[in-house]
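Working notes, beginning with the structure itself.
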Amino acid sequence: MSDALELYGANTGNSLRAAIALEEAAIAYTARRLDLRAREHDDPVYLALNPTGKVPTLVDHAYDPAQVINQSNAIIQYADARAPGRLSPATPGPERMQVFDRYFFFVTDVIAPSHAAFFLRQSGLDKAADAMDERVINHMLFAESFLTETFMAGAQFSMADISAFTIITAFRDRLDWKQLPRLSRWYHSVEARPAVQRGLNAFRET
């Protein structure tokens, strides 16, 4: 762990995506767990880093002033840039473009609608939320077709797998895994990765 790089977060999909990316990229960091129930994300000290009060937030003290990143997907790309070759192929070409294509599939077609469904449900629009969730699940089912090799974008684990894994985890009890043999094999293989496990545990209560 290193105090030069701090990752503030909680046990949320967005925070876990960021933690897994740093772990898979072998980038040292210190996890700073925020208790959302105690509303620690509304503390003025944290709001100075992230005015929206959301998690995660990455603070890189190697810069003066410190570099602050508030978006989980930007943190994943930060990790990719810091450790070329670990979260996407280092050499430009079709393989690298496929990683980004699949990565943004999960970011825009799965994660974003899932977030929209959450806010619709909070507003009492349950039917609209259910329809959005159905769309999310259908896109997850479509991802079975991506798995012609070991991972979502080919033979190498990548940022596409990180985004896919965390959102599919949130819906795992709603999927008919018997009908998804390739997705099931992929999911268990990603879940068993030591770096993924470290990321999943980054913000657990001790």
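The values are calculated or read from the model by the stated rules, or taken from the named source; none is laboratory data. It should be emphasised that the depicted structure is a prediction, and the values quoted were computed from it without experimental measurement. When we count neighbours, we look across all protein chains shown, and the Cβ atoms used for this are built from the backbone with ideal geometry, even at glycine.
Here are some notes:
- Look at (1) of a type outside the set (S, T, N, Q); (2) surrounded by fewer than 17 Cβ atoms within 10 Å (Cβ to Cβ); (3) touching a residue at least 12 places away in the same chain (Cβ under 8 Å); (4) under 21 Å from residue 13 (Cα atoms) and you find that residue 121 fails only one, number (3).
- Of the helices (runs of 4 or more DSSP H) lying entirely inside segment 44-155, those containing at least 2 residues that are at pLDDT below 95 and more than 20 Å from the chain's Cα centre (by Cα) are 112-122, 126-142.
Here is a yes/no grid of residues against (1) among the aromatic types (Phe, Trp, Tyr); (2) more than 25 Å from residue 164 (Cα to Cα); (3) surrounded by 12 or more Cβ atoms within 10 Å (Cβ to Cβ):
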{"site": "31", "(1), (2), (3)": "no, no, yes"}
{"site": "48", "(1), (2), (3)": "no, yes, no"}
{"site": "51", "(1), (2), (3)": "no, yes, no"}
{"site": "59", "(1), (2), (3)": "no, no, yes"}
{"site": "73", "(1), (2), (3)": "no, no, yes"}
{"site": "77", "(1), (2), (3)": "no, no, yes"}
{"site": "91", "(1), (2), (3)": "no, no, no"}
